[in-house]
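Visitor: Here it is: the structure, laid out below.
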Amino acid sequence: MYHDPDLIRSLAEKVGTPFWIYDASVIRKRIADIRHLTSGEGLQARFAMKSCPATRVLQEMNAAGIWIDAVSGNEVLRALGAGHTPGNRPPVVCFTADVFRDNALEVVLKHGILPNIGSPGMLAELAKAGYTGPVSLRVNPGFGHGHVNACDTGGPSSKHGIWHEDLLATAGAARQMGMEVVMLHAHIGSGPQFQELHDNLERLAGVFGGWAGDLPGLEAVSLGGGIPHNYRDPSSQIPLEPLRELFVRCRERLVQAFGKPLRVEIEPGRYYVAPSCSLITRVTDLKSTQTNEKGQGARFAMVDAGFVDLVRPAMYGSFHRIEVVGRESAPSEQNVVVAGPLCESGDIFTRDDAELLVPRALPAFAAGDLLRICDAGAYGYAMSSNYNSVGRAPQLWLEEDGRVELISRRETLEDLLRAETREPVV
Ligand SMILES: Cc1ncc(COP(=O)(O)O)c(C=O)c1O
């Protein structure tokens, strides 16, 4: 159904291009995988909602008993609006950040959300606001991993978390301010290789275990997210069973170290949603440059989606499979660079992390044909922007029974101008 070319073409006629289409069955399959990973005693899964904060997706998580990791005041409010329970007994929604910005502190206080703080000075901000509840501390354990450097969130160059050697002093300061440390947390990177993730999580459990005896109020430990998705080969995904065994083993080790039944959490984002969504875009033209003394010529397929829609290739050189709608299994006949409409030369879907063009081998197609940019559900729409005053593209939701719903409409000029004003300030 998801890949039915006639359906995709008819949706393109109805809502225009580009558009995003989510497949409910794929999200549900990935939710089932994570539920299996956390099916052992004392294990709890969250969803790092920043990867895909659509209310429809948050509702799926809520229905499946998946808790939420939110990173802004508005993310917390979006989660509550989608039905997730406020309060910290249990902390169904947790707020993780290194900075309280905008309404974050106010929302944490008002809704009793567990603050997971990544910078020691945040304790004083909480205290100043009169907070004396439980806190979680996000730790930078000194090591980490990532599919690119920007996604490596542990180690001396990472801005995230409280440096491990400062952890006990921060916990002591919390206690003095009347706040109990109930959770330790670390998210040490996104999208690494399986073995690296496995080894680092095991190492992390060891680091946490080393603080047994110093944190009497501890109830939980979070090992963060970072479960990879294979963007290049959908048929080869991470082996779930060894990961499930690892989480069980980590919990056993922590329970033994702390001498009580701790909850062990994980909070993937990408894994749940990456394969569930495609960005559909229309080819507007094909054109070529010729090789000269400056460099090699290329054949460009111009499309109407750009990095305002899906920024990962332009930002990290991330790879997304691209298919020609209706010619998915046709043989490749051309090498093309797929480029968007923005007034920015980096508006390219086929490039590497050194910003070099990497032409893609694709079947023949012509202006007017549709391309499917695959596995765009994580950090896709969530990272889209209004650069060039292009409105965000609509999001569609395909149900398992074939119904398709519009879950967010195309943004209009009025949407873009809504916050503009001329008000005297001084
Ligand atoms: C604190 C935290 N938790 C979880 C995640 C989710 O990571 P991923 O989408 O790779 O699972 C992130 C992503 O950067 C994060 O910063």
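Taken together, the values in this text are just the output of simple stated rules run on the coordinates, not laboratory data. Keep in mind that what you see is a predicted model, and the values were worked out from it rather than measured. All Cβ positions, even for glycine, are placed from backbone atoms using ideal geometry, and neighbour counts span all protein chains on display.
Visitor: For VAL358 paired with GLU344, estimate the spin-label separation in nm (one decimal), with each label point 7 Å from Cα along the Cα-to-Cβ line.
Guide: Between VAL358 and GLU344, the label points sit 2.0 nm apart.
Visitor: On to the next question. Pick out which of TYR231, TYR22, TYR272 has the largest mean-square fluctuation in a Gaussian network model of the chain, springs linking Cα atoms closer than 10 Å.
Guide: Of TYR231, TYR22, TYR272, the most mobile in the Gaussian network model is TYR231.
Visitor: Using every alpha carbon pair in region 345-396, what percent of pairs falls into each 10 Å bin from 0 up to the bin containing the largest distance?
Guide: The distribution over region 345-396 is 16, 43, 39, 2, given as percents.
Visitor: A further question follows. Can you tell me the relative contact order of the chain? Whole percent, Cα pairs under 8 Å, sequence separation 6 or more. If you can, show how the numbers build up before the last one.
Guide: Numbers: 902 pairs, mean separation 75.5, N = 426.
Computed value for the chain: 18 percent relative contact order.
Visitor: Does the chain classify as rounded, prolate or oblate by the C-alpha gyration tensor (a ≥ b ≥ c root eigenvalues; a/c under 1.5 gives rounded; else a/b over b/c gives prolate, otherwise oblate)?
Guide: On the way: a/c = 1.89, a/b = 1.68, b/c = 1.12.
In terms of gyration-tensor shape, prolate.
Visitor: Here is a follow-up. Give me the one-decimal nm value for the distance between modelled label points at THR55 and ASP166, 7 Å along each residue's Cα-to-Cβ direction.
Guide: Roughly 3.9 nm, to one decimal.
Visitor: Please work out how much length the chain gains when fully extended from SER157 to VAL99, using 0.36 nm per residue of separation minus the C-alpha to C-alpha distance, in nm with one decimal.
Guide: Numbers: separation 58, 0.36 × 58 = 20.88 nm, distance 1.74 nm.
Here the answer is 19.1 nm.
Visitor: Could you tell me how far the Cα centroid of region 375-426 sits from the Cα centroid of region 225-279, in Å?
Guide: 30
Visitor: Picking from SER119, GLN237, VAL325, whose Cα lies most toward the positive end of the charge dipole for the chain (charges on Cβ: Lys, Arg +1; Asp, Glu -1)?
Guide: Looking along the dipole axis, the top candidate is SER119.
Visitor: Cα centroid distance between region 103-180 and region 29-93, in Å?
Guide: With region 103-180 and region 29-93 each reduced to a Cα centre, they are spaced 20 Å.
Visitor: For n ≥ 4 DSSP H runs only, could you compute -39500 (n - 2.57) per run for the chain, divide by its residues and tell me the 222 nm figure to the nearest 500? Before the final figure, lay out each step's value.
Guide: Details: 12 runs with 117 residues, N = 426.
For the chain, the value works out to -8000 deg cm²/dmol.
Visitor: Between LEU7 and LYS29, 0.36 nm times their residue separation minus their Cα-Cα distance comes to what?
Guide: On the way: separation 22, 0.36 × 22 = 7.92 nm, distance 2.18 nm.
Contour length minus Cα-Cα distance gives 5.7 nm.
Visitor: Here's a follow-up. Relative contact order for region 24-272: what is it in percent, counting Cα pairs under 8 Å that are at least 6 residues apart?
Guide: Details: 480 pairs, mean separation 51.0, N = 249.
In percent, rounded to a whole number, it is 20.
Visitor: Could you compute the net charge surrounding ARG351? Neighbours are other residues with a C-beta less than 14 Å from the C-beta of ARG351; K and R count +1, D and E count -1. Intermediate results must be reported in sequence, preceding the final value.
Guide: Working: positive: ARG312, ARG360; negative: GLU344, ASP347, ASP352, ASP353, GLU355.
Here the charged neighbours net out to -3.
Visitor: Which links in LYS14/LYS287; LYS14/LYS110; LYS50/LYS287; LYS50/LYS128 stretch past 32 Å when you go from one Cα to the other?
Guide: On the way: LYS14/LYS287 28 Å; LYS14/LYS110 42 Å; LYS50/LYS287 37 Å; LYS50/LYS128 28 Å.
Violating the 32 Å limit, Cα to Cα: LYS14/LYS110; LYS50/LYS287.
Visitor: Here's another thing I want to ask about it. Report the full-extension gain for the segment LYS128 to LEU416: residue separation times 0.36 nm, less the Cα-Cα distance, to one decimal in nm. Let's see the in-between values first.
Guide: On the way: separation 288, 0.36 × 288 = 103.68 nm, distance 3.62 nm.
Fully extending the segment from LYS128 to LEU416 adds 100.1 nm.
Visitor: Just to be sure I understand: of the beta bridges DSSP finds with both ends in the chain, what percent are antiparallel, rounded to 5? Display every interim value, and only then the final one.
Guide: Values: 26 of 61 bridges.
Looking only at bridges with both residues in the chain, the antiparallel portion is about 45 percent.
Visitor: Would region 122-255 count as rounded, prolate or oblate if I go by the C-alpha gyration tensor, calling it rounded below 1.5 in a/c and otherwise prolate when a/b exceeds b/c, oblate otherwise?
Guide: On the way: a/c = 2.45, a/b = 1.77, b/c = 1.39.
Judged from the Cα gyration tensor, region 122-255 comes out prolate (a/c at least 1.5, a/b above b/c).
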